[in-house]
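To keep things clear, I will list the structure first and then write my remarks on it.
The values are calculated or read from the model by the stated rules, or taken from the named source; none is laboratory data. Everything quoted here is computed from the prediction, not taken from an experiment. As a convention, Cβ positions derive from the backbone with ideal geometry for all residues, glycine included, and neighbour counts pool all protein chains shown.
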Amino acid sequence: MRSNQPTVLSKLLKRPSALISLLVIALTCLISIFAYLLAPDSTPSANRMIIELGAKQPGFHKQLLYVPKSGTQQHSSRLLEWFIGAPSPYLLSPINGYHFSGNSLVTDHYIDDGLQDTITYALASLLPVDHLNDPLPAQQEYIKQRLIITRTFWLGTDRYGRDILSRLLVGSRVTLAVGMVAVLLSLTIGILLGSIAGYFGGMADKAVMWLINILYAIPTLLLVFAITLTIGKGFWEIFIAIGLSMWVGAARLIRGQVLVLREMEYVTAAKGLGLGHMRIIFRHILPNIAGPLMVIAASNFASAILVEAGLSFLGFGVQPPHPSWGLMIKEHYNFLLTNRPLLAIIPGIAIMLLVYAFNILGNALRDVLDVRE
């Protein structure tokens with residue numbers, strides 16, 4: 001027979017706040033997956049610098065000349081470029097205007113507002129090999145159509161002339177990755193130790209609670225610093241350090257829930273039937289605390305995002321040139337007092353929205369998974 005009981009997803013979809021949170025999280029996940037396909041700057045880490053265009057306002061647009069780099073460029077597979085980006089075979093030169101003079105292209109090179117210089121390029125230095133023998137008008141038309149574009153920087157540029165929109169999109173990968181690693185580590189350790197402490201009690205409970213109380217006395221950031229100094233400071237090491245510092249709350253919550261459930265009649269009956277302790281814990285106790293587990297997972301995800309942002313702001317998190325929302329704030333927080341505050345405000349808003357979405361989703365999951373309703 002088909003059950004008429006509403007599913008968890010259907011219950012969530014009936015809550016407007018939970019629905020909006022799901023959409024925000026799903027959109028962020030999609031953006032992180034297709035970041036290099038969506039980003040205007042698809043170079044690795046969205047790290048293409050145009051120093052002349054540093055700290056420009058959102059909506060700024062400028063003509064750019066694609067100047068081929070010297071040397072041969074190695075091409076990677078399309079799939080690899082999707083995940084890590086592709087080095088560009090061109091340098092970008094901002095220009096105010098241009099004209100052709102025989103076999104040369106004369107550009108008004110943009111240096112700053114009201115300041116420019118004249119740079120002349122031989123057409124042969126700009127054209128690919130298969131177009132070198134084309135008639136002169138065809139060569140000029142190729143350059144106008146393919147090598148000179150007008151680009152709009154929708155969220156502006158940072159102090160190094162990098163596209164903020166591109167770094168924001170690629171930086172979402174770091175934010176979601178740190179959350180997933182932290183949740184997996186914290187829940188794995190928390191479930192294991194919390195279940196053992198709550199189910200067996202005695203010396204096991206005392207030992208786990210002693211360790212929990214010791215770690216609770218250490219501020220999270222200091223604990224992350226200590227773990228980082230032990231295992232090293234790198235891209236994945238930071239994620240692992242954050243995860244290893246966040247299992248304490250999960251273990252304490254799970255211990256309290258298991259202490260209550262181990263006295264229930266169905267657990268006593270399972271013991272009477274001779275079922276093993278691990279089977280009772282993982283098949284009969286943990287499924288009944290799915291609600292609190294979902295809440296602590298969402299809470300840890302949000303907390304990990306904030307901790308990573310704080311570490312990056314202090315210089316201990318993800319290192320340049322990898323884009324991180326916290327690192328973007330660190331690089332531009334001094335612009336808050338100038339006429340370019342959006343350089344720091346935009347990544348701050350992104351962090352706020354994602355953390356808020358996870359907190360709202362956690363509260364909604366707690367409500368819909370509450371078996372007492």
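Here are some conditions: (1) out of contact with any Gly (no Cβ under 8 Å at 6 or more places or on another chain); (2) basic (Lys, Arg); (3) touching a residue at least 60 places away in the same chain (Cβ under 8 Å). Residue 283 meets all but one. Which one does it not meet?
Just one mismatch for residue 283, condition (3).
Which residue pairs have Cβ atoms closer than 6 Å, lie 6 or more positions apart in sequence or on different chains, and pair a first residue in the stretch 210-222 that is within 13 Å of residue 245 (Cβ to Cβ) with a second residue that is part of a helix (DSSP H, G or I) and not aliphatic (A, V, I, L, M)?
212/252
Take the stretch 134-167 and flag every residue that is within 13 Å of residue 39 (Cα to Cα) and assigned to a helix (DSSP H, G or I).
164, 165, 166, 167 - these are the residues of the stretch 134-167 that are within 13 Å of residue 39 (Cα to Cα) and assigned to a helix (DSSP H, G or I).
Any chance the stretch 51-66 includes a residue that's among the aromatic types (Phe, Trp, Tyr), at pLDDT below 95 and loosely packed, with under 13 Cβ neighbours inside 10 Å?
No, there is no match, as no residue in the stretch 51-66 is among the aromatic types (Phe, Trp, Tyr), at pLDDT below 95 and loosely packed, with under 13 Cβ neighbours inside 10 Å.
Name every residue in the stretch 310-332 that is among the polar types (S, T, N, Q) and modelled with pLDDT under 85, in order of residue number.
Across the stretch 310-332, the qualifying residue is only 319.
Taking residue 93 as meeting all but one of (1) polar (S, T, N, Q); (2) loosely packed, with under 12 Cβ neighbours inside 10 Å; (3) within 30 Å of residue 173 (Cα to Cα), write down the number of the exception.
Condition not satisfied by residue 93: (2).
Can you tell me which of 33, 25 is surrounded by 15 or more Cβ atoms within 10 Å (Cβ to Cβ), outside the structural domain of residue 344 (by TED's automatic domain parsing) and free of Cβ contacts under 8 Å to residues at least 40 places away in the same chain?
None of the others qualify; the one that does is 33.
Output yes when any residue across the stretch 258-267 is in a loop (DSSP other than H, G, I, E, B), touching a residue at least 40 places away in the same chain (Cβ under 8 Å) and assigned by TED's automatic domain parsing to the domain that holds residue 195, and no when none is.
yes
Look through the stretch 121-174, keep the residues that are surrounded by 15 or more Cβ atoms within 10 Å (Cβ to Cβ) and at pLDDT below 90, and return whichever of them is nearest to the chain's Cα centre (by Cα).
By that ranking, first place goes to 174.
So is residue 107 modelled with pLDDT of 90 or more, part of a strand (DSSP E or B) and over 40 Å from the mean Cα position of the chain (by Cα) or not? Spell out the reasoning first.
Working: modelled with pLDDT of 90 or more: yes; part of a strand (DSSP E or B): yes; over 40 Å from the mean Cα position of the chain (by Cα): no.
When the stated conditions are applied, residue 107 does not pass them.
Considering only residues of the stretch 193-207 that are over 20 Å from residue 297 (Cβ atoms) and of a type outside the set (Gly, Ala, Ser), which is surrounded by the most Cβ atoms within 10 Å (Cβ to Cβ)? Give the steps one after another, and end with the answer.
Applying the first criterion (over 20 Å from residue 297 (Cβ atoms)) to the stretch 193-207 yields 199-207.
Filter once more, keeping what is of a type outside the set (Gly, Ala, Ser): 199-200, 203, 205-206.
On the way: 199: 20, 200: 15, 203: 8, 205: 16, 206: 11.
My answer is 199.
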